[in-house]
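A.B. asks: Just passing along the structure, written as structure tokens.
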Amino acid sequence: MLALPADPVDELYFELKAAGVDVYRAGDAVAPRRAHSAVIEGERVGAAITSADRTLAIR
């Protein structure tokens with residue numbers, strides 16, 4: 001059995017944030033969790049983005 005640390009790969013997130021881009025993290029990008037919890041969190045982040053600015057383009 002191989003066990004590896006569950007650290008998020010978040011270099012791009014911090015580079016974009018430092019450049020002033022509106023970016024959001026959800027699920028395992030924040031911290032390791034079960035798949036169901038990550039999906040729910042992703043849905044909540046998506047809903048918050050679209051309700052805050054309906055013109056926001058997801059790239």
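The values are calculated or read from the model by the stated rules, or taken from the named source; none is laboratory data. For clarity, every value in this text was computed on a predicted model and none was experimentally measured. Neighbour counts run over all protein chains shown; Cβ positions are idealised from the backbone, glycine included.
A.B. asks: Output the qualifying pairs, or none if there are none: Cβ atoms under 8 angstrom, residues six or more apart or on different chains, first residue in the range 37-59 and under 11 Å from Tyr24 (Cβ atoms), second residue at pLDDT 65 or above and among the β-branched types (Val, Ile, Thr).
C.D. replies: Qualifying pairs under 8 Å: Glu41/Val30; Leu56/Ile49; Leu56/Thr50; Ile58/Ile49.
A.B. asks: Right, next: Tell me which residues, restricted to the range 8-29, are among the charged types (D, E, K, R) and in contact with an Asp or Glu (Cβ under 8 Å, 6 or more places away or on another chain).
C.D. replies: Within the range 8-29, Arg25 is the sole residue that qualifies.
A.B. asks: Okay, moving on. Kindly list the number of the only condition in (1) surrounded by 11 or more Cβ atoms within 10 Å (Cβ to Cβ); (2) at negative phi; (3) modelled with pLDDT under 85 that fails for Arg25.
C.D. replies: (3)
A.B. asks: Next question, about the same structure. Just give me the residues in the range 5-22 being surrounded by 12 or more Cβ atoms within 10 Å (Cβ to Cβ) and either in contact (Cβ under 8 Å) with a residue 24 or more places away in the chain or not basic (Lys, Arg) (or both), in sequence order.
C.D. replies: Once the filter is applied, which keeps residues that are surrounded by 12 or more Cβ atoms within 10 Å (Cβ to Cβ) and either in contact (Cβ under 8 Å) with a residue 24 or more places away in the chain or not basic (Lys, Arg) (or both), the range 5-22 yields Pro8, Asp10, Tyr13, Leu16.
A.B. asks: If you take the residues in the range 32-59 that are among the charged types (D, E, K, R) and at pLDDT below 65, which one is nearest to Asp10 (Cα to Cα)?
C.D. replies: Looking at residues that are among the charged types (D, E, K, R) and at pLDDT below 65, I get Arg59.
A.B. asks: Name the one entry in Val9, Val21 that is of a type in the set (Val, Ile, Thr) and within 12 Å of the chain's Cα centre (by Cα).
C.D. replies: Checking each option against the conditions leaves just Val9.
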